[in-house]
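*Asks:* Below is the structure I would like to discuss, written out as structure tokens.
The values are calculated or read from the model by the stated rules, or taken from the named source; none is laboratory data. Small disclaimer: the values here were computed from a predicted structure and weren't measured. Cβ placement follows ideal geometry from the backbone for every residue including glycine, while neighbour counts extend to all protein chains displayed.
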């Protein structure tokens, strides 16, 4: 049993109410029923002031006959919650009962218009946040490595789902750019599946790049021997010697450039991983102390409230970081070009070294150097086509895998699937409650629209809207562990409807305070017959 004591609060002068089972507050209009409901709701949720009342106007919460007021909720000897007005200060001792804003009728998910906000509400209520295993199952067909998946999950944990989704979309654009760089064409999924370079030879895909390279090397060796039989004039000999002398330097240059490229790539990757987050004020207020709270690794922890300056500074830090990333990318591109030039020079030095050391004594028999060059050009052309084909194929597969990942990370992906699974459980409970109360069937559809008696909320009558909101309120309380329900304005229901509501509350074994307008105290039902209490309120006093 709970005891509610209200003193000079809003429309109430004095009221002491024992709450057990179903407690009925009845009376004529404008007598203080809603003030009782609001007082209990404030104590249960810790919301000391209604959303539309500012702290400086908290004196408006005090009855006109007094300069101060208070509301107190007790359960047991030591569990107490008190709110004093106009201080609008909550003091709690022990473990007083708590309920959600939905359970006390402060808000209703039925009236949330923003789909994302509604999705967030149900996700938290039904605990449908996808797990690491859920994501892995959703992107199974992407065939990514465990290492890549683990890095993806780290991205979800650091940037949250929408941040990871945005990153995946950016990755898709990057991969399509890579494919275009290989093919010279704009990417399309069908085109990516069948693309082959111009001049493609049927069956070339069955060959190996390594084998083609080996064949080129053998032919190059034969061509070099054919060239070696021709006397190298003095100027050619000097040229070759200059390349031979520079071979060691060219190798060192390639190694240095390669190391520089590798280091820059690592720095760029680390820089991207270290991208700072943009701060927001996405937190929940503590019902007891008002501190900002967030959920971190499944635990409720205190967080720092971000000022506008903090948020602006985080945006500037993010922009500055992105600018630095572009500079690092530019430096990497420049260094990669230097590496290509260094490799080209090294090849020239190596080729010259081979020619210089070739024994001119053996004269090739058969094909000339030009014949070998024709064959080499043909095979190198095949190698170039095969390399482009394989690189484009790899890029296409990466794009395909990224599409699967992006779809899974999107609001319509694994989060929606997990949420709809939870909505199915919610709907089953909602339907049972409606049936027990004698209400028409209600449900939440896949687009998170509320349906009552096959019609949307905006197409039903006011009494049907009340039935729908109340049925959703009762259903939500089964998931959020609210201790007490507060239902105001029940007089919109007929006697049959009110009896249905009392029936379902009893079946659910819920502790509830319900407020009903009645013309006479003689009309007030005796709730003690079902383990509850009945109170008549008149002139701001409970009798």
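*Asks:* Report, by residue number, each residue of region 233-284 that is touching a residue at least 60 places away in the same chain (Cβ under 8 Å) and under 38 Å from the mean Cα position of the chain (by Cα).
*Replies:* Residues satisfying the conditions are 260, 261, 264, 265, 267, 268, 277.
*Asks:* Could you grab me the full set of residues in region 35-52 that are modelled with pLDDT of 95 or more and surrounded by fewer than 19 Cβ atoms within 10 Å (Cβ to Cβ)? Quick ask: steps written out before the conclusion?
*Replies:* Initially, region 35-52 is screened for residues modelled with pLDDT of 95 or more, giving 35-49.
Correct list: 49 only.
*Asks:* Of the conditions (1) part of a helix (DSSP H, G or I); (2) farther than 21 Å from residue 478 by Cβ, residue 122 clears all except one; give me its number.
*Replies:* That leaves (2) as the condition not met.
*Asks:* Would you check if residue 445 is touching a strand residue (DSSP E or B) at 6+ places or on another chain (Cβ under 9 Å), surrounded by fewer than 16 Cβ atoms within 10 Å (Cβ to Cβ) and at pLDDT 95 or above? Walk me through how you get there before you give the answer.
*Replies:* Details: touching a strand residue (DSSP E or B) at 6+ places or on another chain (Cβ under 9 Å): yes; surrounded by fewer than 16 Cβ atoms within 10 Å (Cβ to Cβ): yes; at pLDDT 95 or above: yes.
Yes.
*Asks:* I need a count of the residues in region 134-148 that are more than 22 Å from residue 419 (Cα to Cα), touching a helix residue (DSSP H, G or I) at 6+ places or on another chain (Cβ under 8 Å) and not in a loop (DSSP other than H, G, I, E, B). Working first, answer last.
*Replies:* Kept after step one, since they are more than 22 Å from residue 419 (Cα to Cα), are these residues of region 134-148: 142-148.
Applying the additional criterion that residues be touching a helix residue (DSSP H, G or I) at 6+ places or on another chain (Cβ under 8 Å) yields 142-144.
Cutting the leftovers down to not in a loop (DSSP other than H, G, I, E, B) gives us 142.
Number satisfying all stated conditions: 1.
*Asks:* Being at pLDDT below 95, outside any helix (DSSP H, G or I), over 12 Å from residue 387 (Cα atoms) and in contact with a helix residue (DSSP H, G or I) (Cβ under 9 Å, 6 or more places away or on another chain): is that true of residue 227 here? Steps first, answer last, please.
*Replies:* On the way: at pLDDT below 95: yes; outside any helix (DSSP H, G or I): no; over 12 Å from residue 387 (Cα atoms): yes; in contact with a helix residue (DSSP H, G or I) (Cβ under 9 Å, 6 or more places away or on another chain): yes.
No; evaluated as a whole, the condition is false for this residue.
*Asks:* Identify, from the list 528, 461, the residue that is free of Cβ contacts under 8 Å to residues at least 24 places away in the same chain and in the same structural domain as residue 35 (by TED's automatic domain parsing). Can you show your working first?
*Replies:* Details: 461 fails: in the same structural domain as residue 35 (by TED's automatic domain parsing).
When all the criteria are applied, what remains is 528.
*Asks:* Only one of these is touching a helix residue (DSSP H, G or I) at 6+ places or on another chain (Cβ under 7 Å), exposed (fewer than 14 other Cβ atoms within 10 Å of the Cβ) and either over 17 Å from residue 381 (Cα atoms) or not assigned by TED's automatic domain parsing to the domain that holds residue 269 (or both): 205, 215. Name it.
*Replies:* On the way: 215 fails: exposed (fewer than 14 other Cβ atoms within 10 Å of the Cβ).
Answer to the selection: 205.
*Asks:* Taking the condition under 21 Å from residue 123 (Cα atoms), without any contact (Cβ under 8 Å) to a residue 60 or more places away in the chain and touching a helix residue (DSSP H, G or I) at 6+ places or on another chain (Cβ under 8 Å), does residue 408 pass? I'd like the intermediate steps shown before the answer.
*Replies:* Values: under 21 Å from residue 123 (Cα atoms): yes; without any contact (Cβ under 8 Å) to a residue 60 or more places away in the chain: no; touching a helix residue (DSSP H, G or I) at 6+ places or on another chain (Cβ under 8 Å): yes.
No: the conditions fail for residue 408.
*Asks:* Here is a further query. So which of 205, 185 ends up being within 23 Å of residue 398 (Cα to Cα) and in a helix (DSSP H, G or I)? Spell out how you get there, then give the answer.
*Replies:* On the way: 185 fails: in a helix (DSSP H, G or I).
Unique residue meeting the criteria: 205.
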